[in-house]
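Q: The structure that follows is given in the form of structure tokens.
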Ligand SMILES: O=C(O)CCC(=O)C(=O)O
Ligand SMILES: [Fe+2]
């Protein structure tokens, strides 16, 4: 059994990362004037870096990272699909709820690449080691006090965090004035073998690497109801916990709530 995550020391090209940081920051400056997304109240947004991520992907391929992920999780990552996104932790953001990114038996793997040094001030990710070892319902998670084992992953630019989707984690408050973007490369099992477009082995022609930077909702919808729900859960986080408590009574253990 693996530990559910591992970190690398500085391994990626800081120049490439800094260039991508500048592109995403400039694009967010523009976009935030025009659009409202689900997630802007909690302060956590999704981003699709598209063609701007091309150099970073090339850099990832030059390192041992993909093989390291294969070895660590005992899979052949080249047979997996990959999607290329980013988590943007906005200035003034709030704690996310502790969560897993998938249902327990739909496990996938994530490679996180922060584009700035991360720390307690700008909202480094918080994870709970060993929380992937069995499926936890929200109730079990609470009763067993799993959250007491949480740790912050503070990293330098060029370092990476690899984790399973089953590891409990959350985004944390960004108390600085700058965004904290973190690339997420998500590796999922290819369920449709006739479609090879999204495979890691097709990274040179991957559809996610075409077009210009976009931003997208994270956890909340950009509707009136979504806005009210986000406002409510940010102001009164207990409401979210009550919802998750009820969901974990009616759903099988290991269902993401
Ligand atoms: O941005 C982060 O630190 C984590 C975000 C996250 O886990 C999520 O949005 O699902
Ligand atoms: Fe997450």
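Q: Among (1) within 13 Å of the chain's Cα centre (by Cα); (2) closer than 20 Å to residue 208 by Cα, which single condition is residue 82 missing?
A: Unmet condition: (1).
Q: Looking at residue 171 and the list (1) away from ligand 1 (no atom under 11 Å from the Cβ); (2) touching a strand residue (DSSP E or B) at 6+ places or on another chain (Cβ under 9 Å), which single condition is not satisfied?
A: (1)
Q: Okay, moving on. Taking the stretch 61-72, which residues are crowded, with 18+ Cβ neighbours inside 10 Å and more than 17 Å from the chain's Cα centre (by Cα)?
A: If the condition is that a residue be crowded, with 18+ Cβ neighbours inside 10 Å and more than 17 Å from the chain's Cα centre (by Cα), then 65, 66, 70 are the ones that fit.
Q: Return yes or no: is residue 193 more than 21 Å from residue 213 (Cα to Cα) and either without any contact (Cβ under 8 Å) to a residue 60 or more places away in the chain or away from ligand 2 (no atom under 16 Å from the Cβ) (or both)?
A: Taking the combined requirement at face value, the residue satisfies it.
Q: Can you tell me which residue in the stretch 78-107 is surrounded by the most Cβ atoms within 10 Å (Cβ to Cβ), limited to those that are within 11 Å of ligand 2 (Cβ to nearest atom) and part of a loop (DSSP other than H, G, I, E, B)?
A: This residue is 96.
Q: Something else: Among the residues of the stretch 200-257, count how many are closer than 30 Å to residue 79 by Cα and assigned to a helix (DSSP H, G or I).
A: Counting residues in the stretch 200-257 that are closer than 30 Å to residue 79 by Cα and assigned to a helix (DSSP H, G or I) gives 9.
Q: Here's a follow-up. On the basis of being in contact with a helix residue (DSSP H, G or I) (Cβ under 8 Å, 6 or more places away or on another chain), more than 12 Å from ligand 1 (Cβ to nearest atom), touching a residue at least 24 places away in the same chain (Cβ under 8 Å) and farther than 25 Å from residue 54 by Cβ, does residue 137 make the cut?
A: Answer is yes for this residue.
Q: Condition first: touching a strand residue (DSSP E or B) at 6+ places or on another chain (Cβ under 9 Å) and either within 10 Å of ligand 1 (Cβ to nearest atom) or on the phi > 0 side of the Ramachandran plot (or both). Now tell me which residues in the stretch 91-106 satisfy that.
A: Within the stretch 91-106, 93, 96, 97, 98, 99, 100, 101 qualify.
Q: Any chance the stretch 40-49 includes a residue that's in a helix (DSSP H, G or I) and in contact (Cβ under 8 Å) with a residue 60 or more places away in the chain?
A: Among the residues of the stretch 40-49, not one is in a helix (DSSP H, G or I) and in contact (Cβ under 8 Å) with a residue 60 or more places away in the chain, which makes the answer no.
Q: Right, something else. Take the conditions more than 16 Å from ligand 1 (Cβ to nearest atom), part of a strand (DSSP E or B) and either at pLDDT below 95 or on the phi < 0 side of the Ramachandran plot (or both) and apply them to residue 18. Does it pass?
A: no
Q: Pairs only if they're at least six apart or on different chains, beta carbon under 9 angstrom, first in the stretch 67-78 and on the phi < 0 side of the Ramachandran plot, second assigned to a helix (DSSP H, G or I) and surrounded by fewer than 18 Cβ atoms within 10 Å (Cβ to Cβ); list them, first residue then second.
A: What qualifies is 70/78; 77/67; 78/201.
The values are calculated or read from the model by the stated rules, or taken from the named source; none is laboratory data. Here the structure is a predicted model, which means the values were calculated and not measured. Cβ coordinates were reconstructed from backbone atoms using ideal geometry, including for glycine residues, and neighbour counts include every protein chain displayed.
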